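The values are calculated or read from the model by the stated rules, or taken from the named source; none is laboratory data. Model, not experiment: these values are computed from the prediction. Positions of Cβ are backbone-derived with ideal geometry, glycine not excepted, and every protein chain shown enters the neighbour counts. Protein only, heavy atoms only, side chains kept; ligands, DNA and RNA dropped before computing areas. Shrake-Rupley method; radii C 1.70, N 1.55, O 1.52, S 1.80 Å.
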Amino acid sequence: MEFHIAVLGGDGIGPEVTREAVKVLEGVGRAFGHRFHAEYGDVGGISIDKHRVALTPQVRDLAGAADAVLFGAVGGPKWDDPAAPTRPEDGLLQLRAHLGVFANIRPVKVFPQLVDSSVLKPAVLAGVDLVVVRELTGGLYYGKPKGRRQTRHGWTAVDTMRYSEAEIERVLRVGFELARQRRGKLASVDKANVLDCSRLWRQVATRLGKEYPEVALEHILVDACAMQLVQRPARFDVIVTENTFGDILTDEAAVLAASMGLLPSASLPDVPVPGQTVRGFYEPIHGTAPDIAGKGIANPVGAILSAALLLRYSLGLTEEAASVERAVDQVLSQGCRTPDIATPGGTKVGTKEMGDRIAAALG
Ligand code: NAD
Ligand code: IPM
Ligand code: MN
C-alpha cells in the first residue's frame, strides 16, 4: 500500500531523531512491501528564521492532507527571548489545534534491559507498564483570555484554564477505552480540591464510569500522583489528565523508562477503535535537547517508537508496528546504548548507528 507522511523535524535534535524514524519506516516499506512518501516541511524556529512565523499555511496544509504527521521537536535558546512576538512552540500548538488531536497517548514502558540505566531502584520499576492520556488541545495552553498588559502597578499576565464538559468527556472516553483494552484500571488525575475545571472533570469522570463497569476508576490529586509515580509506579495502568498536568507528569514518567529519549506519543482526533484508522500526529515526548543538539548522540528510540504508533493507529499496519517494537527491543537486548542510557559493558552508539541497527533488525 502507499501512504503519505508529513515529516516535520523542527529544531535541535528534532531532525536528527526524525531522520532515524523515517529510515525505519523505509525499512518497514522494504520488508512488508509498502511505499511511504515522506513530505518534508519546516516548523518552529527554523520556520521563524525563514518565514517569520512558526508555521506557514503551506506546512499546516501539508500536515492536514497527509495520512499522518511525524514530528520531531521545536524550540531552543535562539528563540527564547520572552519579549519575542512569536515562539517556535506556537507552531506546534497551532498544528495540534488545527488537526484537532485532543488525545495525546504517551505509553510508558520500562525495558527490563534498561533497569540499570534508571536512577530508580529495580524493585520500584518491576512491572511498570502504564499509559498516560493527556488532553492536548485545551486548558491553560489555549484558554482565553491570555496575554500580558501594562497596568498602573506594572505588568500583569494572565493564562486561563478553561474546559467544557464535551472536551473533558471525549478525552476521558479515550482513557476508559484504553483501560478496558488493558488491565481495566483508570486513574483520573485532577486538582479538584482547588480548581473548578478539576471539579467538573471529576464529575464527568464519575458519570462516565457508570458506562464502563468493567473499568475500576479512581480519582487522584495531581500532587499525590506525582509522588506515587516514582514511589509505586507499577500500581498504574491508564492515567488520564488535563493538558498541563499531563505534560509535567510524563517528563517525570520518563525517569521510570530511564531517559526522555525513549518515550513516544500518538495524538489522535478521536477515540481509537481497534481495526479503524484515523489521521494522527506522532512525536517523541522530549524536546530539542539544546545541550546535545548537533553532536549525533541523541537517542532516536522515542521517535522510532512514535513511528510504530503511527503505523498502528493511522495506517492500520499492526504487524508492521509490532515488528518495529520488536526491533527496538532486540537492539536494546544486544546492548546498544546511546549515552543517555549507557550501561557498563554496553556498546556505545550514536543516533545514526542506533537507527541503522533498529532498521536492520526489522523482520
Ligand atoms: P528536552 O526534552 O529538550 O531536554 C531535557 C533533557 O533530556 C536534556 O538534558 C536533554 O539532553 C535530554 N534529552 C531529551 N531528549 C533526548 C534524547 N532523544 N536523547 C538523549 N537525551 C535527551 O527539554 P528542555 O531542555 O526543557 O527543552 C528544550 C527545548 O525544547 C525548549 O525550547 C522546549 O520548549 C522545547 N521542547 C519541545 C518539545 C516539542 O517540540 N514537542 C517538547 C519539549 C520541549
Ligand atoms: C511536549 C512539550 C510541549 C508541550 C511544548 C514544547 C509546547 O513540552 O510536547 O511535551 O508543553 O506540550
Ligand atoms: Mn513536555
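Inspect all residues belonging to the range 127-146 and state whether any of them is open to solvent by 20 Å² or more (accessible area, probe 1.4 Å), acidic (Asp, Glu) and under 16 Å from residue 103 (Cα atoms). Checking the range 127-146: not a single residue is open to solvent by 20 Å² or more (accessible area, probe 1.4 Å), acidic (Asp, Glu) and under 16 Å from residue 103 (Cα atoms). Selection of first residues in the range 120-136 that are assigned by TED's automatic domain parsing to the domain that holds residue 230 and among the charged types (D, E, K, R) and of second residues that are open to solvent by less than 40 Å² (accessible area, probe 1.4 Å) and assigned to a loop (DSSP other than H, G, I, E, B), restricted to Cβ pairs under 6 Å at least 6 apart or on distinct chains, gives the following pairs, ordered by first then second residue: 135/242. Total residues in the range 300-335 satisfying the condition of being open to solvent by 10 Å² or more (accessible area, probe 1.4 Å) and farther than 22 Å from residue 4 by Cα: the figure is 6.
Okay, residues lined up against (1) part of a helix (DSSP H, G or I); (2) more than 17 Å from residue 225 (Cα to Cα):
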residue	(1), (2)
162	no, yes
169	yes, yes
175	yes, no
178	yes, yes
189	no, no
192	no, no
199	yes, no
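Output yes when any residue across the range 356-363 is at pLDDT below 95 and away from ligand 2 (no atom under 16 Å from the Cβ), and no when none is. Looking for residues that are at pLDDT below 95 and away from ligand 2 (no atom under 16 Å from the Cβ), one finds at least one in the range 356-363, hence yes.
The set of residues in the range 168-190 that are surrounded by fewer than 21 Cβ atoms within 10 Å (Cβ to Cβ) and within 19 Å of residue 143 (Cβ to Cβ) comprises 169, 170. Among the residues of the range 274-292, those that are surrounded by fewer than 19 Cβ atoms within 10 Å (Cβ to Cβ) and touching a residue at least 24 places away in the same chain (Cβ under 8 Å) comprise 274, 275, 276, 277, 278, 290.
Per the listing 41, 45, the residue uniquely in the same structural domain as residue 339 (by TED's automatic domain parsing) and within 12 Å of ligand 1 (Cβ to nearest atom) is 45. Taken as a whole, the condition of being more than 9 Å from ligand 1 (Cβ to nearest atom), in a loop (DSSP other than H, G, I, E, B) and buried (at least 17 other Cβ atoms within 10 Å of the Cβ) applies to residue 55. Reported count of residues in the range 76-107, each being open to solvent by 40 Å² or more (accessible area, probe 1.4 Å), within 16 Å of ligand 3 (Cβ to nearest atom) and either hydroxyl-bearing (Ser, Thr, Tyr) or part of a loop (DSSP other than H, G, I, E, B) (or both), is 2. One residue stands out among those in the range 244-253 that are open to solvent by less than 20 Å² (accessible area, probe 1.4 Å) and within 10 Å of ligand 2 (Cβ to nearest atom): the one that is nearest to residue 120 (Cα to Cα), which is 250. Does the range 336-363 hold any residues that are touching a residue at least 60 places away in the same chain (Cβ under 8 Å), of a type in the set (Gly, Ala, Ser) and either surrounded by fewer than 20 Cβ atoms within 10 Å (Cβ to Cβ) or in contact with an Asp or Glu (Cβ under 7 Å, 6 or more places away or on another chain) (or both), and which are they? Within the range 336-363, 342, 355, 360, 363 meet the criteria.
Cβ separations smaller than 6 Å between residues 6+ apart or across chains give the following pairs from the range 314-327 residues that are in the same structural domain as residue 21 (by TED's automatic domain parsing) to residues that are at pLDDT 95 or above and surrounded by fewer than 15 Cβ atoms within 10 Å (Cβ to Cβ): 320/32. Within the range 1-24, residues that are modelled with pLDDT under 95 sit with their Cβ atoms under 9 Å from residues that are buried (at least 21 other Cβ atoms within 10 Å of the Cβ), at 6+ positions apart or across chains, in these pairs: 1/315; 1/317. Only one of the listed residues (38, 31) is open to solvent by 50 Å² or more (accessible area, probe 1.4 Å), more than 16 Å from ligand 3 (Cβ to nearest atom) and either aliphatic (A, V, I, L, M) or within 14 Å of residue 310 (Cβ to Cβ) (or both). That residue is 31. For the range 1-16, the set of residues classified as touching a Gly at 6+ places or on another chain (Cβ under 6 Å) and either closer than 17 Å to residue 317 by Cβ or surrounded by 24 or more Cβ atoms within 10 Å (Cβ to Cβ) (or both) consists of 8, 9, 10, 11, 12, 14, listed by residue number. Of the residues that sit in the range 275-294 and are in contact with a helix residue (DSSP H, G or I) (Cβ under 7 Å, 6 or more places away or on another chain) and within 10 Å of ligand 1 (Cβ to nearest atom), which one is farthest from residue 70 (Cα to Cα)? By that ranking, first place goes to 290.
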